[in-house]
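Notes for the one structure printed next.
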C-alpha cells in the first residue's frame, strides 16, 4: 500500500483522540499539518475533544461515508481501496456496532447530501478532501469517475475548485 495512503488512513483517529501512537500517527499528523497548517490541525483536534459526543460521532460517520463514496466512484472497490476504507473505519474512534454498519456500506452507494452539515466543523472539509484524494489514488491511478466524485465532494463541502486543486497539488509533492 502507498505510504501516503497508509498515513492518511490514520488521520480520523488522530483527530478523534488527539493521541499520536507510533510512527504512523506521527506521519499522519505531519501530513495534515503540512496540507492544512498546524493551527488548523490543532483547532480540529480541539474541536473533537470539546464537541458534543454525538456531533463528533456524526462527523466521523460522515467522513467515513465520504470515503466510501470516493472508492465506489468507479463502481469497483479494489482490494487496496477496500483495505484502506476498512483501516479508516477501524481507526475512526467509532463504536463496534457503527463500524460494522459502515463496513457493510463499502459495497453500497452512499449519498453526499447533507454531508457538510454533519461534519459540523468547516476545517474538517479540507481534511476530508485530503483523505479522499489519497483514496482515489489508492489503486495507482485516479479514474475520471473518482476525480468527478472528488469535485462533487469538494462542492458539497463548500471547498472552492481552486482550493480543491491546491490540495491535490500539495498531495502530489
Taking the range 60-80 and keeping residues surrounded by fewer than 24 Cβ atoms within 10 Å (Cβ to Cβ), in contact (Cβ under 8 Å) with a residue 12 or more places away in the chain and over 15 Å from residue 153 (Cβ atoms) leaves 61, 75, 77, 78, 80
Discussion item. When you check residue 154 against the structure, is it outside any helix (DSSP H, G or I) and surrounded by 16 or more Cβ atoms within 10 Å (Cβ to Cβ), yes or no?
Written reply: no
In the range 138-151, anything part of a loop (DSSP other than H, G, I, E, B) and in contact with a helix residue (DSSP H, G or I) (Cβ under 7 Å, 6 or more places away or on another chain) is listed as 138, 139, 142
Does residue 80 fit the bill of being modelled with pLDDT under 85, farther than 22 Å from residue 33 by Cα and part of a helix (DSSP H, G or I)?
yes
Taking the range 81-107 and keeping only residues that are more than 19 Å from residue 54 (Cβ to Cβ) and touching a residue at least 40 places away in the same chain (Cβ under 8 Å), one is left with 81, 83, 84, 85, 87, 88, 91, 105
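If the requirement is being assigned to a helix (DSSP H, G or I) and in contact with a helix residue (DSSP H, G or I) (Cβ under 9 Å, 6 or more places away or on another chain), which of these qualifies: 41, 112?
Working: 112 fails: assigned to a helix (DSSP H, G or I).
41 is the lone residue from the list that is assigned to a helix (DSSP H, G or I) and in contact with a helix residue (DSSP H, G or I) (Cβ under 9 Å, 6 or more places away or on another chain).
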- Out of all the residues in the range 44-54, is one or more in contact with a helix residue (DSSP H, G or I) (Cβ under 7 Å, 6 or more places away or on another chain) and under 18 Å from residue 151 (Cβ atoms)? no
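The values are calculated or read from the model by the stated rules, or taken from the named source; none is laboratory data. Note that the coordinates shown come from a computational prediction; the quantities given were computed from them, not determined experimentally. For neighbour counting, all protein chains shown are included, and Cβ atoms are generated from backbone atoms with ideal geometry for every residue, glycine included.
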